[in-house]
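A short worksheet on the structure shown next.
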Amino acid sequence: MGGGAFPVFRFPSSRVGWVFPPYYHCSVNRVATGLDQLLQDPSLVRGRRWAMVSNHAAVTSGLEPGRLALSNICGPPVRLLAPEHGLDGVAQDMEPVADERDPLTGAPVRSLYGSDPATLEPTVQDLDRLDVVVVDLPDIGTRYYTYAATMDAVMAGCQAAAVECVVLDRPNPLGGVHREGGLVRPGFESFVGRIPVPVRHGLTLGELALLLQQDRYPELELTVVTCRGWRRSMDLDAAGLAWVAPSPNMPTLETAFLYPGLCLVEATTLSEGRGTTQPFKLVGAPWLDGSSLSARLGSLRPPGIGIRPARFRPAFGKHAGKICSGLELHVTDRVAFRPLAFGVVLLQLVRELKPRHFAWRREAYEFVAEVPAIDLLTGSPTARAVIEGDADLDPLLEGWRVEVAEFEERLQNIRLYCTE
């Protein structure tokens, strides 16, 4: 395809019923996303048979659904492919999503999150008679958020089918500077550990695609349509873009900053606040003493986080209908806060305070039953040993810092499009 007005990385191998403002006023530093760039010059898609991997949160800077905006310019897609939570983002975590038809574009929607692992991969039929697959999935900068894993599966399918893949990039909402956590060791791969990056990886979805193209898909014809005006120091607020909740339990940007650490609570019998209006900001259980836990955590003075005792009652999920005692968390300094270290310490203290009540999740997690969920999330058994009191915290954190440093060395070979 020919060049256009927007910067890209290329590698060989009328609106009836919808009214939108020309742009969303959020900040003078408003960044143009890859979607915004493509809509200015749609030559990568116009006149071609295209499909789109997307959901409700992939909107223009004027908050128009991206799939609709692109359809109005380029004609309707052959089909849409939807990640976990579905095209409209209404399904809960690990809830199978059925195929459907998109009411906006009229295109059939193929779910890439069904009832078994095979549904996580696009089929040959999903990519049949296509020239290009467009990926626009608002990610939250954390390895175990599954949208990047869906992109990886689509890239694998596109390489096998000789279909071009176009990734429309968006800012990493947590910024592109800080990284935390180790990589996934062999034997601990899963849908929450499919990408070879730290837990908090500091990359955009487009940069993840560049990394995967280098490591796994050298024959894939990949184009990344970059953001204009994003700098690595910018979180989503600084980028001037609206927060559209990408999944039912990610209601705010603050939730996304907590998620790298508080997602570890999913691996236990503690409630992570699902079934409340503050998932991942609330953590607790009927048998926990939130005041004691708050005092213990507060004495450690963890940076960047405010803690208060709280009581809550989940409407669904763990301990549904029961009053839980625990904590409400407030991110007070996004730069200083280290969510993953905080999450490990939190679980370590809960186990110390309530050793007879604390327990790990026993049900299958992301289709894996034979490996504990905490090991799938952290990528190895090491963090579990620390939480259980069989190992010290400092060596774990130092090991993660070493892995992050080694990962950053690898990134020297990736053409990150913004290096501030």
query: Points 7 angstrom from Cα along the Cβ direction at PHE316 and ASN72: gap in nanometres?
result: 3.3 nm
statement: the range 253-380: relative contact order from alpha carbon pairs under 8 Å, six or more residues apart, as a whole percent, is 29 percent
field: Pairs of alpha carbons in the chain whose separation is greater than 38 Å (percent)
entry: 19 percent
query: Any number yet on Rg/Rh for the range 43-131, C-alpha, Kirkwood?
result: 0.97
query: Amide H to amide H under 5 Å from GLY176: which residues, 5+ apart in sequence or cross-chain, H placed 1.01 Å off N in plane?
result: SER233, MET234
task: Could you bin all the Cα-Cα distances of the range 305-380 into 10 Å bins starting at 0 and give me the percent of pairs in each, rounded to whole numbers?
output: 15, 36, 42, 8
statement: Of the candidates ALA238, VAL132, GLN92, the farthest towards the positive dipole end of the range 8-247 (Lys/Arg Cβ +1, Asp/Glu Cβ -1, centred on the Cα centre) is ALA238
message: Please report the net charge: other residues with Cβ closer than 9 Å to the Cβ of ARG143, K and R +1, D and E -1.
response: +2
message: Taking the Cα centre as origin and putting +1 on Lys and Arg beta-carbons and -1 on Asp and Glu beta-carbons, what dipole magnitude results for the chain, to the nearest 20 debye?
response: 940 debye
message: Given a Förster distance of 35 Å, report the FRET efficiency between ALA405 and THR119 from their Cβ-Cβ distance, rounded to the nearest 0.05.
response: 0.40
- request: Beta carbons within 10 angstrom, averaged per residue: use that to sort the peptides 82-88, 307-313, 174-180, highest first.
  value: 82-88, 174-180, 307-313
- line: Amide H proximity to THR269 below 5 Å, modelled H, separation 5+ or other chain, gives ALA359, ARG361
task: Return the distance in nm (one decimal) between the two label points of a simple spin-label model at ARG216 and ARG356, each offset 7 Å from Cα along Cα→Cβ.
output: 4.6 nm
field: Fraction of alpha-carbon pairs over 24 Å apart in the range 253-380 - percent
entry: 22 percent
message: Cβ neighbours within 10 Å, averaged per peptide: list 265-272, 324-331, 164-171, 209-216 in order, most packed at the top.
response: 164-171, 265-272, 324-331, 209-216
message: Within 13 Å, Cβ to Cβ, of ALA315, how many net charges do the neighbouring residues add up to if Lys/Arg are +1 and Asp/Glu are -1?
response: +4
query: Which value at 222 nm does the chain reach when only helices count, each DSSP H run of 4 or more adding -39,500 (n - 2.57), with the total divided by all residues and rounded to the nearest 500 deg cm²/dmol?
result: -8000 deg cm²/dmol
query: Which whole-angstrom value gives the distance between the alpha carbon centres of the range 154-205 and the range 81-96?
result: 19 Å
query: For the range 48-200, what class follows from the C-alpha gyration tensor (a ≥ b ≥ c being the square roots of its eigenvalues): rounded when a/c is under 1.5, otherwise prolate if a/b is larger than b/c, else oblate?
result: prolate
- line: For VAL134, the residues 5 or more places away or on another chain with a placed amide H closer than 5 Å to its own amide H are ALA51, MET52, VAL53, VAL166
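Taken together, the values in this text are just the output of simple stated rules run on the coordinates, not laboratory data. Given the structure is predicted, the values throughout are model-derived calculations rather than measurements. Here Cβ is always computed from backbone atoms with ideal geometry, including for glycine, and neighbour counts include all displayed protein chains.
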